[in-house]
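Novice: Quick one: the structure is below, and I'll ask about it shortly.
The values are calculated or read from the model by the stated rules, or taken from the named source; none is laboratory data. Owing to the predicted nature of the structure, the values given are computational and were not obtained by experimental measurement. Using ideal geometry, Cβ is built from the backbone for each residue, glycine included, and neighbour counts are taken over all protein chains shown. These accessible areas exclude ligands, DNA and RNA; they are computed on the full protein's heavy atoms, side chains included. Shrake-Rupley method; radii C 1.70, N 1.55, O 1.52, S 1.80 Å.
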Amino acid sequence: AGLHDIWMIAEHGAIFQKGINLPPKTYFNSPVRENVLRVIGIIKREIDDLCGEDVWYQPNEVNMTVYPRSEDSLEKIRDLMKKTPRWLSRVTVYENEDHVDFIPKEINLKNALTYFTKITGYQASDMIAIGDSADGLDMINYCEKSIVIGNNLDISGDYKFDTIGEALDMLLKEKI
């Protein structure tokens, strides 16, 4: 898209990468407490015990994203979350249409941007937030400029588009 000095923030704010090339030259993680990572490991083992090979995991570094292969496995995961509320004190759970995210409580996009500004010297005025889900609301409110993708959310931003393609077209034309 002709954009320069791009930083990508992934895994709901856990991972930072400068540029789009792989492997990245500049890359770092948000700080996460070791005990929270152990809790995520315990959750994974329990899901494996319940669902076996009827789930697969996105290869995340910090968060855990589990994709059930059947409605039965999704229901088992939902039941496990209801029976074990102690986990909810250490992780945030986002249930999506086809997967479930387990994210350390301290990881979110606003905290990520706050950490990012401390590490890099960038300011909110240097950034454009692009979001398509409720977990991006804090990020959209944090950055001086924002783009909201899709109509499934009642979130206002500086710009709102149905697709990422429309947003990229605007960025190319407007050079914001």
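Novice: Given the conditions (1) touching a helix residue (DSSP H, G or I) at 6+ places or on another chain (Cβ under 8 Å); (2) free of Cβ contacts under 8 Å to residues at least 60 places away in the same chain; (3) open to solvent by less than 80 Å² (accessible area, probe 1.4 Å), which single one is not true for residue 112?
Specialist: Condition not satisfied by residue 112: (2).
Novice: May I pose another question? Of the conditions (1) farther than 26 Å from residue 170 by Cβ; (2) touching a helix residue (DSSP H, G or I) at 6+ places or on another chain (Cβ under 6 Å); (3) crowded, with 19+ Cβ neighbours inside 10 Å; (4) touching a residue at least 40 places away in the same chain (Cβ under 8 Å), residue 60 clears all except one; give me its number.
Specialist: The single condition residue 60 does not satisfy is (3).
Novice: How do the strands (runs of 3 or more DSSP E) wholly within region 51-107 filter down when requiring 2 or more residues that are under 23 Å from residue 34 (Cα atoms): which remain?
Specialist: The strands (runs of 3 or more DSSP E) meeting that bar are 64-68, 91-95, 100-104.
Novice: Something else now. Are any residues in region 118-138 in contact with a helix residue (DSSP H, G or I) (Cβ under 7 Å, 6 or more places away or on another chain) and either in contact (Cβ under 8 Å) with a residue 60 or more places away in the chain or over 22 Å from residue 166 (Cβ atoms) (or both), and if so, which ones?
Specialist: Matches in region 118-138: 122, 123, 124, 135, 138.
Novice: In region 149-172, how many are open to solvent by less than 40 Å² (accessible area, probe 1.4 Å), assigned to a loop (DSSP other than H, G, I, E, B) and touching an Asp or Glu at 6+ places or on another chain (Cβ under 8 Å)?
Specialist: Looking only at that region, the number is 2.
Novice: May I pose another question? Which of the residues spanning region 117-150 are charged (D, E, K, R) and either under 23 Å from residue 93 (Cβ atoms) or in contact with a Gly (Cβ under 9 Å, 6 or more places away or on another chain) (or both)?
Specialist: 132, 135, 138, 145 - these are the residues of region 117-150 that are charged (D, E, K, R) and either under 23 Å from residue 93 (Cβ atoms) or in contact with a Gly (Cβ under 9 Å, 6 or more places away or on another chain) (or both).
Novice: Would you check which residues across region 112-148 are assigned to a strand (DSSP E or B), of a type in the set (A, V, I, L, M) and within 20 Å of residue 17 (Cβ to Cβ) and list them?
Specialist: Within region 112-148, 128, 129, 130, 147 meet the criteria.
Novice: Ok, one more. Condition (residue is open to solvent by 50 Å² or more (accessible area, probe 1.4 Å) and among the aromatic types (Phe, Trp, Tyr)) applied to region 77-90: is it met by at least one residue?
Specialist: no
Novice: Keeping to region 1-36, report how many residues are open to solvent by 60 Å² or more (accessible area, probe 1.4 Å), in contact (Cβ under 8 Å) with a residue 40 or more places away in the chain and either in contact with a strand residue (DSSP E or B) (Cβ under 8 Å, 6 or more places away or on another chain) or in a helix (DSSP H, G or I) (or both).
Specialist: Count: 1.
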